[in-house]
Amino acid sequence: MQVHRLFLFFAFFIWLEPASAQDKKYSIVIKGGHVIDPKNNVDAVMDIAIEGTPGGSDGKIALVAKNIDPKLAVQVVDAKGLYVTPGLIDIHVHYFWGTDLKGTYRNGPNGLQADGFTFRTGVTTVVDAGSSGWKTFETFKAQTIDLSKTRVLAMLNIVGEGMAGGKFENSLDEMDAAKTAEMAKKYPDEIVGIKLAHFSGHDWTPTDRALEAGKLANVPLMVDFGGADPVLPLEELYLKKLRPGDIYTHCFGGNSDNSGKGRESIVDISTNKVKPYVMEAQKKGVVFDVGFGGASFLLAQGQPAIKQGFYPNSISTDQHISSMNGPMKDMNNIMSLFMAMGMDFKSVIAASTWHPAKEIRREELGHLSVGAIADVAVLNLRDGKFGFYARDGRIEGKKRIETELTIKGGSVVYTLNALVDPVNLPRPAAKK
């Protein structure tokens, strides 16, 4: 009789506990944060409710309103004094890590594992910028895209092997537009563009083949010029080669002199002015992306451009094993650097969320519309005296962005200062 009563007690408890959770209308409510949502022009203190299975990967934005009852949520995030934005989107990373010691960024030692470097900086979506090509993409997909909790997308290198060093990246025989386009069309959910990178030589052939692949697959091209003697003129690239929507990355890099060798810069170093055709190209629809990297950004280019009102369309890190501990560090650091140069906070958020979402044609991301995928970053904008540097100097800033909490697909995946009470919920599914 005692055993029977004990069984009934535990059966009742097991039945009752899920029912109480089911009484909650929302899985998460974010309370009291200053919401910045560039797509919807929201810039105000608001609450955000997220619906979906707690701990699952199907969470959606349910409501954005002035005062949402916290009792309706399984978890409550106290965001008072903080900023709430869409999950950040970094469209230039190198995450094809591996064990081929000669593979550099292709299945090699220069790549990083996505989940170790994204959520802690509010990043929920990344684009690997050409680490893999048509010969190696399926390996990258199997070992990185399919296994990461971060949403990992890819620009497919026009070089079949991908970023496997100069032997491959300077070989025209490796650049097959038809096979590159075929692979891009085979995986449209993962491949969002074509990448040209690192070719050295005064030759338009690599650009033309990459453009052909982009046209065949109907995806944008991202260009990272290597070097040439003399330089390949940017005016010809922007106004004669690139289509509206094509992306020029490392836009604030280039030469620091007038040698006419290497890579041309967008700011005329003799006048300190953005070249007129650069402004024309941006109006035409050419996308200018930061791609900070290890040495692909110059303060002498970025500062005068920002001062003249020439803002990058998108902010990205070019994160890899060499860049992460140098001037670049991470997405939050680069966003803070652009504020230190004079770019306003709202524009920085737009260039890190909604703009890159449009650039990669994933407009279901990068915003906080009701019904949208619940990718959210909660950011602290710290006041103080902070230093930022590049290969040509250093500057000071009064603000630094720091990620307090990240939500991916409706699940809390990172919290710095325990803004939300821990709940024993299943980990989010790996697949997006």
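The values are calculated or read from the model by the stated rules, or taken from the named source; none is laboratory data. No experiment lies behind these values; they were computed from the predicted model shown. Please note: Cβ atoms are built from the backbone with ideal geometry, for glycine as well, and neighbour counts cover all protein chains shown.
In table form, for the structure just shown:
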{"quantity": "Scope the range 390-401; condition closer than 16 Å to Gly81 by Cβ and either surrounded by fewer than 17 Cβ atoms within 10 Å (Cβ to Cβ) or aliphatic (A, V, I, L, M) (or both); matching residues", "calculated": "Lys399, Ile401"}
{"quantity": "Gly371 being in contact with an Asp or Glu (Cβ under 9 Å, 6 or more places away or on another chain) and at pLDDT 95 or above", "calculated": "no"}
{"quantity": "Filter pass, Ile373 being aliphatic (A, V, I, L, M) and either surrounded by fewer than 20 Cβ atoms within 10 Å (Cβ to Cβ) or more than 15 Å from Asp90 (Cβ to Cβ) (or both)", "calculated": "yes"}
{"quantity": "Hits in the range 205-243 - residues which are closer than 12 Å to Arg263 by Cα, of a type in the set (D, E, K, R) and either under 26 Å from the mean Cα position of the chain (by Cα) or surrounded by 15 or more Cβ atoms within 10 Å (Cβ to Cβ) (or both)", "calculated": "Asp224"}
{"quantity": "Selection status of Ala184, in a helix (DSSP H, G or I), under 24 Å from Asn218 (Cα atoms) and touching a strand residue (DSSP E or B) at 6+ places or on another chain (Cβ under 8 Å)", "calculated": "yes"}
{"quantity": "Residue that is surrounded by the fewest Cβ atoms within 10 Å (Cβ to Cβ) [pool: residues in the range 65-97 that are of a type in the set (Phe, Trp, Tyr) and either in the same structural domain as Lys31 (by TED's automatic domain parsing) or modelled with pLDDT of 95 or more (or both)]", "calculated": "Tyr83"}
{"quantity": "Identity of the residue in the range 254-303, among the hydroxyl-bearing types (Ser, Thr, Tyr) and either under 23 Å from the mean Cα position of the chain (by Cα) or surrounded by 19 or more Cβ atoms within 10 Å (Cβ to Cβ) (or both), that ends up farthest from Asp224 (Cα to Cα)", "calculated": "Ser265"}
{"quantity": "Residues satisfying the stated conditions in the range 256-286, i.e. assigned to a loop (DSSP other than H, G, I, E, B), touching a strand residue (DSSP E or B) at 6+ places or on another chain (Cβ under 7 Å) and not charged (D, E, K, R)", "calculated": "Ile266, Val286"}
{"quantity": "Residue match in the range 402-411 (condition: crowded, with 21+ Cβ neighbours inside 10 Å, at pLDDT below 95, touching a Gly at 6+ places or on another chain (Cβ under 9 Å) and not in a loop (DSSP other than H, G, I, E, B))", "calculated": "yes"}
{"quantity": "Asp100 being over 30 Å from Thr406 (Cα atoms), touching a Gly at 6+ places or on another chain (Cβ under 7 Å), surrounded by fewer than 24 Cβ atoms within 10 Å (Cβ to Cβ) and modelled with pLDDT of 95 or more", "calculated": "no"}
{"quantity": "Looking only at the range 30-53, and only at residues there that are part of a loop (DSSP other than H, G, I, E, B) and in contact with a helix residue (DSSP H, G or I) (Cβ under 8 Å, 6 or more places away or on another chain), the one that is surrounded by the most Cβ atoms within 10 Å (Cβ to Cβ)", "calculated": "Pro38"}
{"quantity": "Where Arg120 falls short, out of the listed (1) closer than 26 Å to Arg361 by Cβ; (2) in the same structural domain as Leu221 (by TED's automatic domain parsing); (3) at pLDDT 95 or above", "calculated": "(1)"}
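Okay, residues lined up against (1) closer than 26 Å to Asp257 by Cα; (2) outside any loop (DSSP other than H, G, I, E, B):
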| residue | (1), (2) |
| --- | --- |
| Phe288 | yes, yes |
| Gly291 | yes, no |
| Gly294 | yes, no |
| Thr317 | yes, no |
| Ser323 | yes, no |
| Met328 | yes, no |
| Met335 | no, yes |
| Pro356 | no, yes |
| Glu364 | no, no |
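Condition check ((1) free of Cβ contacts under 8 Å to residues at least 40 places away in the same chain; (2) outside any helix (DSSP H, G or I); (3) out of contact with any strand residue (DSSP E or B) (no Cβ under 9 Å at 6 or more places or on another chain); (4) assigned by TED's automatic domain parsing to the domain that holds Ser316) across all residues:
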| position | (1), (2), (3), (4) |
| --- | --- |
| Ala210 | no, no, no, yes |
| Leu232 | yes, yes, yes, yes |
| Cys251 | no, yes, no, yes |
| Gly254 | no, yes, no, yes |
